[in-house]
Amino acid sequence: MRIVGLTGGIASGKSTVSNLFKAHGIPVVDADIVARNVLKKGTGGWKKVVATFGEDILLDNGEVDRAKLGQIVFSDPEKRQLLNRLLAPFISRGILMEVLKLWIKGCSIIVLDVPLLFEAKMDKWTKPIVVVWVDPKTQLQRLMIRDESMEEEAKNRINAQMSLDLKRSKADIVIDNTSSLEALHEQFQKVLTQITKPLTWTEFMLARNGALLALFSTFVSVAIFKKSA
Ligand SMILES: CC(C)(COP(=O)(O)OP(=O)(O)OC[C@H]1O[C@@H](n2cnc3c(N)ncnc32)[C@H](O)[C@@H]1O)[C@@H](O)C(=O)NCCC(=O)NCCS
Ligand SMILES: Nc1ncnc2c1ncn2[C@@H]1O[C@H](COP(=O)(O)OP(=O)(O)OP(=O)(O)O)[C@@H](O)[C@H]1O
């Protein structure tokens, strides 16, 4: 199985790229969705977060007030690290379960869309790693427009992540999303060709069909050995 890592900075265009992967039939595991699920009312993550940050972060219906929690953690690095530590085990488990479901289905190429792929050290599980890069000015503008946020709030969110230049230096493939959507689509076609190359032998053995083939070959070898012994 080939597990492609997709990462970048906040509002650099990961979701836009992941939608292109999905449109081309490549399944995507979205860490933001997993992170939302592990914070739903009554879950293990919700209990930990409420016990630590208090009931003030809850809405009337008992769900976490995400805007309020966001304001707290994106303006205080210690509180953000605390939240990260609380949720990390639930998020990793959630991602693993999604990957397992796709493995059982027999998918041979999948994409993990994880904003904090490097920060959470999940990069070791993915190859190749695609970084969606954007220049800092465009990133800030797009973030403020999309989230209807003020400059300070948007900058806090950007600064909460590893710099995009450092992420770019760790990438196998870089998509520069500073320009138009048409330019993005053009680059995407090249990336698609690269990531859909035939699987390596190791990737094949890690995929469901490869593992089943290995198991079947072992049974046949044992049977032949027993018969001839
Ligand atoms: C603080 C929360 C409640 C704010 O929710 P909100 O709906 O405003 O933002 P959302 O979850 O849609 O995230 C938007 C983007 O913010 C960035 N981001 C989210 N969490 C973090 C974090 N802990 N550190 C740095 N950047 C982050 C990501 O680029 C993400 O794509 C939420 O982001 C959260 O629970 N974060 C902790 C879980 C986490 O690490 N998520 C990232 C998945 S790897
Ligand atoms: N090439 C582009 N030209 C203009 N706007 C773009 C381009 N690419 C993305 N956008 C817009 O920029 C915003 C951020 O993009 P997107 O939501 O894909 O980023 P993201 O990396 O997934 O963000 P997050 O980390 O918050 O999940 C969106 O409003 C999107 O429509």
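Readers should treat all values here as calculations from the given coordinates under stated rules, not as data from a laboratory. None of these values were measured; they are calculated from a predicted model. A quick note on method: Cβ atoms are made from the backbone with ideal geometry, for glycine too, and the neighbour counts reach across all protein chains shown.
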Review point. What is the one condition in (1) surrounded by fewer than 19 Cβ atoms within 10 Å (Cβ to Cβ); (2) within 13 Å of ligand 2 (Cβ to nearest atom); (3) closer than 25 Å to V49 by Cα; (4) of a type in the set (A, V, I, L, M, F, W, C) that M97 does not satisfy?
Key: (2)
Check your understanding: For segment 46-56, does any single residue satisfy the condition of being within 16 Å of ligand 2 (Cβ to nearest atom) and under 22 Å from L96 (Cα atoms)?
Key -> no
Revision key, fill the gap. Within segment 176-224, residues being away from ligand 1 (no atom under 16 Å from the Cβ) and not in a helix (DSSP H, G or I) number 10
Review point. With V73, V64, V29, V49 as the choices, which residue is under 30 Å from A207 (Cβ atoms) and among the aliphatic types (A, V, I, L, M)?
Key: V29
Study note, to complete from the structure: Taking first residues from segment 73-92 that are of a type in the set (G, A, S) and second residues anywhere that are more than 9 Å from ligand 1 (Cβ to nearest atom), the pairs with Cβ under 7 Å that are 6 or more apart or on different chains are S75/N156
**Study point:** Complete set of residues in segment 120-141 that are within 14 Å of ligand 1 (Cβ to nearest atom), within 20 Å of the chain's Cα centre (by Cα) and part of a helix (DSSP H, G or I)
**Key:** D123, W125, Q139
Point to revise | Positions within segment 1-16 being in contact with a strand residue (DSSP E or B) (Cβ under 7 Å, 6 or more places away or on another chain) and within 13 Å of ligand 1 (Cβ to nearest atom), in sequence order | key: G5, L6, T7, G8, S12, G13, K14
